[in-house]
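Only one structure is covered here, and it is reproduced in the block below.
Only the coordinates and a few stated rules stand behind these numbers; no lab work does. Bear in mind the structure is a predicted one, so any value in this text is a computation, not a measurement. All Cβ positions, even for glycine, are placed from backbone atoms using ideal geometry, and neighbour counts span all protein chains on display.
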Ligand code: ARG
């Protein structure tokens, strides 16, 4: 007799792949300037809570079997906790970011040194504004590249040349979703989830054509930073409040894990922003 399938098991079976992540402890985290609509320096942050929440995320990755490395946080760089912005690493090659806002520009040298000190051979400093995995989402089919607010479209040509992979340009049009990773995430090597309202009509058409089976998120979950998720192919880790999106992902066969990053959200970042993946 066939047992009835739980919704979780109804879709294609998913498989986790062990990942290598770099994170940066929010030791110097605060909101002392505003470079995106979420940041309000008048709103207080709780440093101890920010640290505890970040540790929960790191511990969750470790408990799922992933390798988590860290970069030393630097004083005076409160947004360095958003490790995703430091670089894009594909096939062991590194495109080190060039940050748009002066407040973050000094982070780039810390990242370049981190990779050089660990023996990475191809470490290229971006010549144009490029905010790492904040604006680049890597799938098997292509590297998806966001622009409109932060990364310069010219940096996409640099990425194409360095990684020798197709790079697909996507235009972001809503300032609340100022980085690609606030509006779109990779779930598996070739499956994505996104919120169409964050993109211009042409980009939406490109996404529909490339990923006809993508999971579509609604505005409510997008505004809760639900798309700023990290998936290992099976486990999707997303901000606690995005319950609608979590339910949707479960029907697509993913296991969902919830993390409360309310403090970092005050700077306009969540799970994915804290996580830079090293793809070797
Ligand atoms: N306050 C940071 C900024 O505006 C947040 C960065 C979030 N990171 C990300 N990958 N979306 O630059």
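Within region 99-116, the residues that satisfy the criterion of being surrounded by 20 or more Cβ atoms within 10 Å (Cβ to Cβ) and under 15 Å from residue 81 (Cα atoms) are 99, 104, 107, 108, 111, 114. In summary, residue 74 fulfils each of the numbered conditions (1) under 18 Å from residue 270 (Cβ atoms); (2) surrounded by 13 or more Cβ atoms within 10 Å (Cβ to Cβ) with the single exception of condition (1). Scanning region 220-255 for residues that are over 16 Å from the mean Cα position of the chain (by Cα) and under 12 Å from residue 14 (Cα atoms) yields 234, 249, 250, 251, 252, 253, 254, 255. How many residues are closer than 15 Å to residue 149 by Cα, in contact (Cβ under 8 Å) with a residue 12 or more places away in the chain and near the ligand (Cβ under 9 Å from one of its atoms) if we restrict to region 25-38? Here the count works out to 3. In the set (1) closer than 23 Å to residue 280 by Cα; (2) in contact (Cβ under 8 Å) with a residue 60 or more places away in the chain, the condition left unmet by residue 140 is number (2). Per the conditions (1) within 29 Å of residue 214 (Cα to Cα); (2) in a helix (DSSP H, G or I); (3) away from the ligand (no atom under 15 Å from the Cβ), the sole criterion not satisfied by residue 141 is (2). Residue-level analysis places residue 57 outside the set of residues that are closer than 30 Å to residue 18 by Cα, within 16 Å of the ligand (Cβ to nearest atom), in a strand (DSSP E or B) and in contact with a helix residue (DSSP H, G or I) (Cβ under 8 Å, 6 or more places away or on another chain). Counting only strands (runs of 3 or more DSSP E) that fall entirely inside region 63-136 and contain at least 3 residues that are under 21 Å from residue 179 (Cα atoms) and away from the ligand (no atom under 12 Å from the Cβ), the qualifying elements are 93-96.
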